[in-house]
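The values are calculated or read from the model by the stated rules, or taken from the named source; none is laboratory data. Keep in mind that what you see is a predicted model, and the values were worked out from it rather than measured. For neighbour counting, all protein chains shown are included, and Cβ atoms are generated from backbone atoms with ideal geometry for every residue, glycine included.
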Amino acid sequence: MRSKFDEQLASLHKELITMGALCENTIAMSAKALVEGDMKLAGEVSDYAIRIDRKEREIEAMCMRLLLQQQPVARDLRTISSALKMVTDMERIGNNSWDIAEIVTMGHITPSHDKLDIQEMAVAVIRMVTDSIDAFVKNDKELARSVIKYDDVVDAHFDRIKGLLISQLSSLQSDKGTETATNGEFILDLLMTAKYFERIGDHASNIAEWVLFSILGRHESKNSAD
């Protein structure tokens with residue numbers, strides 16, 4: 001019976017890795033579409049977001065079968081319940097990536113616009129997502145804690161981008177010329193994309209917190225992980 005349960009847990013880990021890879025690809029695609037102003041690529045992000053939604057439902061079904069059929073002990077129960085919480089955050093990561101792609105399709109952001117360090121911020125959140133899933137699969141509490149701490153790096157990116165964009169917005173002329181309006185739309189859209197990347201970082205941090213719960217049986221926030 002235990003051997004069968006371990007096989008099913010291994011399958012759960014594999015599916016979580018697959019879902020994590022979909023999240024990473026979706027973030028990377030939305031960031032690339034943003035930086036390059038690639039409308040076609042932005043349109044393809046929705047397909048990945050749909051696949052993430054489907055994978056969430058598949059993993060939820062796996063977890064329910066494990067709970068109902070295998071009667072897991074305390075540690076296994078924490079692992080399964082944590083996986084259920086993690087896929088919710090992963091699905092929201094897919095949604096946030098889709099939100100970024102939809103902003104790109106509006107056409108206010110073009111390749112000629114300065115993207116500041118938005119691409120570097122995207123790389124940072126992809127790292128958080130990758131490490132949070134690895135921490136779960138490897139049962140690595142220190143890696144999970146490092147993800148939670150690394151959220152400060154993403155927050156710093158967002159604060160810097162927000163400050164620069166607000167400065168640019170305040171310097172725009174008060175007239176209602178076409179160029180001024182276009183620049184204003186670009187600034188607001190880029191601020192929204194930065195906020196979505198910041199939210200992705202928060203979801204990755206949530207995943208890491210659930211990893212720690214599955215290992216330790218208690219919650220650790222950013223402050224307690226320091």
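Listed here are the residues, each with its yes/no results for (1) among the acidic types (Asp, Glu); (2) free of Cβ contacts under 8 Å to residues at least 60 places away in the same chain.
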residue: 25; (1), (2): no, yes
residue: 28; (1), (2): no, no
residue: 53; (1), (2): yes, yes
residue: 90; (1), (2): no, no
Discussion item. Quick check on my filter: what residues within the stretch 84-119 are at negative phi and at pLDDT below 90?
Written reply: 106, 108, 109, 110, 111, 112, 113, 114, 115, 117, 118, 119
Practice prompt. For residue 78, state whether it is of a type outside the set (Val, Ile, Thr), over 28 Å from residue 42 (Cβ atoms) and out of contact with any Lys or Arg (no Cβ under 6 Å at 6 or more places or on another chain).
Written response: yes
Item to complete: Would you check if there is a residue in the stretch 40-49 being among the charged types (D, E, K, R) and either in contact with a His (Cβ under 7 Å, 6 or more places away or on another chain) or modelled with pLDDT under 90 (or both)?
Response: no
Response to the item:
The condition of being surrounded by fewer than 18 Cβ atoms within 10 Å (Cβ to Cβ), closer than 21 Å to residue 130 by Cα and in contact with a Lys or Arg (Cβ under 9 Å, 6 or more places away or on another chain) holds, among 18, 88, only for 18
Item to complete: Determine, yes or no, whether residue 43 is under 24 Å from residue 213 (Cα atoms) and either in contact (Cβ under 8 Å) with a residue 40 or more places away in the chain or loosely packed, with under 15 Cβ neighbours inside 10 Å (or both).
Response: no
Worksheet item: Is there any pair with a first residue in the stretch 143-166 that is more than 28 Å from residue 183 (Cα to Cα) and in contact (Cβ under 8 Å) with a residue 60 or more places away in the chain and a second that is outside any helix (DSSP H, G or I) and hydroxyl-bearing (Ser, Thr, Tyr) whose Cβ atoms are under 8 Å apart and which are 6 or more apart or on different chains, and what are they?
Response: 148/221
Worksheet item: Only one residue in 143, 191, 164 is over 21 Å from residue 88 (Cα atoms), at pLDDT 90 or above and buried (at least 16 other Cβ atoms within 10 Å of the Cβ), so which one is that?
Response: 191
Worksheet item: Any residue at all in the stretch 53-68 that is within 17 Å of residue 125 (Cα to Cα) and surrounded by fewer than 22 Cβ atoms within 10 Å (Cβ to Cβ)?
Response: no
Discussion item. Against the condition modelled with pLDDT of 90 or more, surrounded by fewer than 16 Cβ atoms within 10 Å (Cβ to Cβ) and of a type in the set (A, V, I, L, M), how does residue 74 come out, does it pass?
Written reply: no
Worksheet item: Can you find even one residue in the stretch 29-39 that is surrounded by fewer than 20 Cβ atoms within 10 Å (Cβ to Cβ) and over 14 Å from residue 109 (Cα atoms)?
Response: no
